[in-house]
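The block underneath contains the structure these notes are about, expressed in structure tokens.
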Amino acid sequence: MNPQDALDHYRILTSMLAPALLMAATGSLLVSANARLARVVDRLRAIIAQLDGGDGMDRAQLEQQIQRHRRRAHLVLRACLMLYLGLGAFVGTSLALAVDAFAGFRLPYLPTGLAVVGVLGLLGASLALGREVSLSVRSFDAELDMELARRRR
């Protein structure tokens, strides 16, 4: 085997590692987002139980909490979908690099385009998760205010 051919193979393999690192980061964000979604669902179930139990809390306030948590759940869901899109795009990028190499480097825009789609998916997911965190803190503040007002009575 020509030494130059071996170097070309190593370059191709090396270029395929960058999407793999982004896949690992995306997977980590997916684990975090799914944990957030589980917490939101658990909190929603607890609020619904309070609503059904009629424990003296203001029904309108509980319904507002339910709406805030529903928005949170939808934001996390949107982030998960974008993360799955990004993950798929990074896998596609890695495969496209190999296909491009076999095709004699005639498809330069395919791996780059897929990588851009993956990064945009990560960006969109990050924005959605940032909004969800902000909504989470506002929801927590409202719940604290409600509980403090209840204890003052």
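Quick look at the numbers
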read-out	value
Selection count where residues are among the aliphatic types (A, V, I, L, M) and either farther than 18 Å from Val40 by Cβ or in contact with a Lys or Arg (Cβ under 6 Å, 6 or more places away or on another chain) (or both), scope the range 130-145	1
Which numbered condition Val31 fails, given (1) touching a residue at least 24 places away in the same chain (Cβ under 8 Å); (2) closer than 23 Å to Ser126 by Cα	(1)
Subset of the range 109-132 [exposed (fewer than 13 other Cβ atoms within 10 Å of the Cβ) and under 20 Å from Arg71 (Cα atoms)]	Leu123, Gly130
Some residue of the range 73-94 being of a type outside the set (S, T, N, Q) and at pLDDT below 90	no
Among (1) surrounded by 19 or more Cβ atoms within 10 Å (Cβ to Cβ); (2) touching a residue at least 24 places away in the same chain (Cβ under 8 Å); (3) of a type in the set (A, V, I, L, M, F, W, C), the one test that Leu44 misses	(1)
Selection count, the range 50-60, where residues are loosely packed, with under 15 Cβ neighbours inside 10 Å and either touching an Asp or Glu at 6+ places or on another chain (Cβ under 9 Å) or at pLDDT below 85 (or both)	7
Hey, Leu75 within 12 Å of the chain's Cα centre (by Cα), touching a residue at least 60 places away in the same chain (Cβ under 8 Å) and either farther than 30 Å from Ile47 by Cβ or part of a helix (DSSP H, G or I) (or both) or not	yes
Criterion: closer than 21 Å to Pro19 by Cβ, assigned to a helix (DSSP H, G or I), without any contact (Cβ under 8 Å) to a residue 12 or more places away in the chain and out of contact with any His (no Cβ under 8 Å at 6 or more places or on another chain) - qualifying residue of Leu114, Leu95, Leu127, Leu85	Leu95
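So that you can scan it fast, the table gives a plain yes or no per residue for (1) within 13 Å of the chain's Cα centre (by Cα); (2) among the charged types (D, E, K, R); (3) more than 20 Å from Ala89 (Cα to Cα); (4) at pLDDT below 90:
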position: Ala18; (1), (2), (3), (4): no, no, no, yes
position: Ser28; (1), (2), (3), (4): yes, no, no, no
position: Val31; (1), (2), (3), (4): yes, no, no, no
position: Arg36; (1), (2), (3), (4): yes, yes, yes, no
position: Val41; (1), (2), (3), (4): no, no, yes, no
position: Arg45; (1), (2), (3), (4): no, yes, yes, no
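The values are calculated or read from the model by the stated rules, or taken from the named source; none is laboratory data. Nothing here was measured: the structure is a model prediction, and the numbers come from that model. A quick note on method: Cβ atoms are made from the backbone with ideal geometry, for glycine too, and the neighbour counts reach across all protein chains shown.
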